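To start, the structure under review is shown below, and the notes come after it.
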Amino acid sequence: MNHPLQAYESVVGPQVIYELRLLAERTKGWTVRNINSTAVGGGVAEILNRMNPLLQELGINARWDVIKGGEKFFKVTKKFHNALHGKEECFSEEDFAVFLENNEINANSLDLSGEVLFIHDPQPIGLINRKDSVNSKWLWRCHIDVSNPNPQVWNFLLPFINRYHSAVFSAPSFSQKLLIPQALISPSIDPLSDKNKDLPEDVIQRILERFRIDPGKPIVTQISRFDYLKDPVGVIDAFEMVQRYVDCQLILAGGEATDDPESAEVLAKVRDRAANNPDIHVLAIPSGSDLEINALQRASAVVVQKSLKEGFGLTVSEALWKGRPMVASAVGGITLQITHKYSGLLCHSIEGAAHAIKQLLQNPDYAKKLGENGKEHIRQNFLLTRHLRDYLLLFLSLYREGDIIHL
Amino acid sequence: MDPESLRRAAQPFQFKSQLQLRQLTGLKATNLAQMLQILKSAPGSVIYHHTHHFLQQHQYLTPEPPNDFAYWVRESLQEIKLAEKLTSINICDYPNIRSLREKLIQTIEPFLEKNRHPLREAPEGQEMHFIKCVSFVLPTPFTAYDLNEFAAVLQKISIHSIYYHMFESRIRLEKPSNDFSLWLEQEIGETDLAKKIARLDPYTHTIEGLRGKILKLIDARFRQTPGLDGPKGSGPEVPA
């Protein structure tokens, strides 16, 4: 469910909304055409679904088109996606030919008019070949972690990227040497969504009951997919070190493994590892269980994100927004969200995580202060309204030069 | 003091705001020598970002250390002594980004001379990524012709506006003082108040804290002037 901009005033303050409206006077009437490869599912579609109505409310004609492609094309782009994440993949000449041909077909059928053409991720990147035939500014938004891309696919994409007017990345470590400006725009959470909105205590209690969790015993939680990179087994190791000194329970909750064989394998290992410990709750819950995730986070004494690798880590923003004290690995975008000992505790190992969890469970006042600081940090920097402001500035930056721009 | 003695300016104070877009540079350091090299050659807007972004990003407290260079040297390189020196650089002492850059270099160079081998490397994933700041200066409809109006707008203006006039215009646009002090002195003859505001060390406050301090100074000035009934500003209403 989308909310009007006014609804965010009670969360971020009236001045933030006022300045957004003031800024948007400079982009009033612009057409911003988003183009990506899927209308449903995934982070990009979620962002566009939330952002476009707000951009429209601010007077921007925000459009969203989806490129078409057959099975062959999406097989290639899936390989691109994995390779950009650093996975070994082999590409043939035919793969690249399929990719280019599909981009050409889409370029012929899409309306490419408007002040800003906002191209998301690699699938439609080749539309830039139409740059000279339209009078628009071109933006390439990379939503994926390209800190260690496979060189073959990166070198294939690079000439396309460098023809854009500007690129956008989500975290500093994704930055590459490019010939064009590259904006840093972090993702955001929607404080009014089911996953993040305030919940009455009885709703939280009912959800705990449903999962048979004892509300009287301190809860340590990690919310994440069952994925090796989220190190759920490491979380159990850390928890058991803590459990020797503090009577507490652990929740490992994440999306149900349906079509990802690796996820099913990790879930099985986690269940096996947790089998003899009645204080560990492994919850594979259907995706979209936003209220449940919200309640589990709110009921926790400490929330953990012990990832080995992380893109941005929106689950960290979500937990901090609920004022929860956090213990998280110092990787990827997590370090943008947690300043060690100010807004949470950072760790680098299982032992470090155990020590930090114990410290927070045994010092509730300290934990509370970190949680409060974390919440304010998210309020200032990682809510949807900041994302909206960044987008407006990004659009304006395409038509202005210099490091100090007087509007 | 008589209320009539509050002067009305010929040129009103025009409140502006500023919003920032961060840009990545692709530059990164894994040790001190690399950081020094980048510090010497990076655009001024990179130095500005890493010494100022905390002011707008951390509204709830003033974290120590307050600049990214010091933070990275301490947290990732574990060079505590150097980190302390970088932390204690008082940005107020530097009139522009050039001189601040020079000070950072002068602090790191001798340390590096003495501690050349072996250089500590940041653990994987904790490299220092250099970011630059593009500022958009946005005029607001708020203006003030006298101290009453000035205080009224100051109460309701955004923290980004206070940031712009107190920090950015001094060090980045290289004005002799902050905008508030300049206008108070030059346009309405509030020399004493202007000096008091200029003497605040703004880097050790949160911006909300700074707003409170300035309003207190203005309030003290009002109390010297019996008969004034509080500030009235001009411009559209923004609920504070």
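The residues of segment A:1-26 occluded by other protein chains by 20 Å² or more of accessible area, set against the chain on its own, are A:PRO14, A:GLN15, A:TYR18, A:GLU19, A:LEU22, A:LEU23, A:ARG26; surface from heavy atoms, 1.4 Å probe. Ligands, DNA and RNA excluded, the heavy atoms of A:LEU208 present near 10 Å² of accessible surface to a 1.4 Å solvent probe. Taking the Cα centre of segment A:201-380 as reference, the dipole from Cβ charges on Lys and Arg (+1) and Asp and Glu (-1) amounts to some 520 debye.
Computed on the Cα atoms alone, the convex hull of segment A:364-407 gives a volume of 84 cubic angstrom per residue. Dipole check for segment B:19-132: with +1 at the C-beta of Lys and Arg, -1 at the C-beta of Asp and Glu, and the Cα centre as origin, the magnitude is about 280 Debye. Per residue of peptide A:163-173, the mean number of Cβ atoms on other chains within 10 Å of the residue Cβ is 2. Here's the picture: charge each Lys and Arg Cβ at +1 and each Asp and Glu Cβ at -1 in chain A, and of A:MET241, A:ILE60, A:SER307 the one pushed furthest to the positive end of that dipole is A:ILE60. Charged side chains reduced to their Cβ positions (Lys and Arg at +1, Asp and Glu at -1) give the protein assembly as shown a dipole of some 1060 debye around its Cα centre. Contact with the other protein chains removes 10 Å² or more of accessible area, compared with the isolated chain and a 1.4 Å probe, from these residues of segment B:108-129: B:GLY125, B:GLN126, B:HIS129. Considering the options A:CYS90, A:LEU370, B:LEU173, tell which one lies farthest towards the positive end of the dipole of the protein assembly as shown, charges being +1 on Lys and Arg and -1 on Asp and Glu at the Cβ, about the Cα centre. Positive-end residue among those listed: B:LEU173.
Taken one residue at a time, the phi angles of segment A:360-372 give Karplus couplings (6.51, -1.76, 1.60, θ = phi - 60°) of 6, 5, 8, 10, x, 5, 4, 4, 5, 5, 4, x, 5 Hz. Gly and Pro are set to x. Full extension of the chain segment joining A:VAL40 with A:GLU101 gains 19.6 nm, where the gain is 0.36 nm per residue of separation less the Cα-Cα distance.
Round to a whole number: what % of the accessible area of the protein assembly as shown belongs to carbon and sulfur, probe 1.4 Å?
Here carbon and sulfur together make up 49 percent of the probe-accessible area.
Mind checking which lysines have their C-alpha under 27 Å from B:LYS213, skipping anything on the same chain fewer than 8 residues away? Straight-distance partners of B:LYS213: A:LYS369, A:LYS375, B:LYS16, B:LYS156, B:LYS175, B:LYS195, B:LYS196, B:LYS232.
Sort segment B:19-132 into rounded, prolate or oblate with this rule: let a ≥ b ≥ c be the square roots of the eigenvalues of the Cα gyration tensor; rounded if a/c is under 1.5, and if a/c is not under 1.5, prolate when a/b is larger than b/c, oblate otherwise.
It is rounded, given that a/c, with a ≥ b ≥ c, falls under 1.5.
For trypsin sites (Lys or Arg not before Pro), the sites in segment A:26-131 that DSSP calls loop and that have at most 13 other Cβ atoms within 10 Å are A:LYS28, A:LYS68, A:LYS87. Each helix, a run of at least 4 DSSP H residues, gives -39500 (n - 2.57); summed and divided by the residues of chain A, these come to -13000 deg cm²/dmol at 222 nm. Note that segment A:233-239 has calculated 3J(HN,Hα) couplings of 5, x, 5, 5, 4, 5, 4 Hz, one per residue in order, obtained from phi through the Karplus relation 6.51 cos²θ - 1.76 cosθ + 1.60 (θ = phi - 60°); glycine and proline are x. For the pair segment A:314-347 / segment B:149-163, the C-alpha centres are spaced 32 Å from each other. Looking at the protein assembly as shown, the DSSP beta bridges with both ends there are about 25 percent antiparallel. As a length-normalised measure over Cα pairs under 8 Å and 6 or more apart, the relative contact order of segment B:82-224 settles at 24 percent.
If the segment from A:ALA268 to A:PHE211 were pulled out straight at 0.36 nm per residue, it would be longer than the present Cα-Cα gap by 18.6 nm. Each of A:THR77, A:LEU407, A:GLY288 was scored by the projection of its Cα onto the charge dipole of chain A, and the greatest displacement toward the positive side belongs to A:LEU407; charges sit on the C-beta of Lys, Arg, Asp and Glu. The radius of gyration of the Cα set in chain B, together with its Dmax, comes out at 20.6, 69 angstrom. The value of relative contact order for chain A, using C-alpha pairs under 8 Å at least six residues apart, is 14 percent. Using the 1.4 Å probe convention, the accessible area of the protein assembly as shown works out to 42 Å² per residue with neighbouring protein chains retained.
On the basis of the beta-carbon distance and an R0 of 41 Å, A:ASN162 and B:LEU215 show a calculated FRET efficiency of 0.25. The label-point distance for A:ASN135 and A:ASN155, in a model that sets each label 7 Å from Cα toward Cβ, rounds to 4.0 nm. Karplus-derived 3J(HN,Hα) values for segment A:58-75, using 6.51 cos²θ - 1.76 cosθ + 1.60 with θ = phi - 60°, are 8, x, 9, 7, 8, 10, 9, 10, 10, 6, 9, x, x, 4, 4, 4, 6, 5 Hz; glycine and proline are entered as x. Counting 0.36 nm for each residue step from A:ASN277 to A:GLU71 and taking away their Cα separation leaves a gain of 69.7 nm.
Can you give the calculated 222 nm mean residue ellipticity of chain B, where each DSSP H run of n ≥ 4 adds -39,500 (n - 2.57) and the sum is split over every residue, rounded to the nearest 500 deg cm²/dmol?
-13500 deg cm²/dmol, from helical runs alone.
For the segment A:290-296, counting C-beta atoms of other chains within 10 Å of every residue's C-beta and taking the mean gives 0. Among A:HIS355, A:HIS281, the sequence by solvent-accessible area, most first, with a 1.4 Å probe is A:HIS355, A:HIS281. For a paramagnetic label modelled on A:HIS348 (point 7 Å from Cα along Cα→Cβ), amide N atoms under 12 Å away are absent within segment A:298-317. Of the listed residues A:VAL270, A:VAL66, the order by accessible area with a 1.4 Å probe, largest first, is A:VAL66, A:VAL270.
When the residues A:PHE91, A:PHE395 are ordered by accessible surface, computed with a 1.4 Å probe over the protein chains alone, the sequence from largest down reads A:PHE91, A:PHE395. The distance between label points at B:THR87 and A:LYS368 comes to 2.7 nm (points 7 Å beyond Cα on the Cα→Cβ vector). Peptide B:23-31 shows a mean partner chain C-beta count of 5 within 10 Å per residue C-beta. Of the trypsin sites (Lys or Arg not before Pro) found in segment B:7-53, the ones in coil according to DSSP and having at most 16 other Cβ atoms within 10 Å of their Cβ are B:ARG7, B:ARG8. Residues of segment A:354-394 whose accessible area (probe 1.4 Å, heavy atoms of protein chains only) drops by at least 30 Å² once all protein chains are present, relative to their chain alone: A:ASN373, A:HIS377, A:GLN380, A:ASN381, A:ARG389, A:LEU393.
Per-residue surface analysis assigns A:SER224 an accessible area of about 20 Å², computed on protein heavy atoms at 1.4 Å probe radius.
If R₀ is 35 angstrom, what is the calculated FRET efficiency for the pair B:GLN224 and B:ASN96, using the beta carbon separation as r and rounding to 0.05?
For B:GLN224 and B:ASN96, the calculated efficiency is 0.50.
Cβ-Cβ distance of A:THR31 and A:ARG244, R₀ of 45 Å, FRET efficiency by 1/(1 + (r/R0)^6): the value works out to about 0.15. Its relative contact order, with pairs defined as Cα atoms under 8 Å and 6+ residues apart, puts chain B at 34 percent.
Sites counted here are GluC sites (Glu not before Pro) in a DSSP loop (not H, G, I, E or B) having no more than 12 other Cβ atoms within 10 Å; the longest part of chain B that contains none of them is B:1-123.
Interface size between chain A and chain B, please: total buried accessible area, 1.4 Å probe, rounded to the nearest 100 Å². Before the final figure, lay out the partial values.
Details: alone 18730 and 12310 Å², together 27090 Å².
Buried area (both sides, nearest 100 Å²): 3900 Å².
Between A:GLU201 and A:GLU93, the modelled label-to-label distance comes to 7.1 nm, taking each label 7 Å out from Cα in the direction of the beta carbon. Accessible surface for B:ASP192 stands near 90 Å², nearest 10, in the context of the full protein assembly shown (1.4 Å probe).
The values are calculated or read from the model by the stated rules, or taken from the named source; none is laboratory data. All values derive from a computational prediction rather than experimental measurement. We place every Cβ from the backbone using ideal geometry, glycine too, and count neighbours over all the protein chains shown. Protein only, heavy atoms only, side chains kept; ligands, DNA and RNA dropped before computing areas. Shrake-Rupley method; radii C 1.70, N 1.55, O 1.52, S 1.80 Å.
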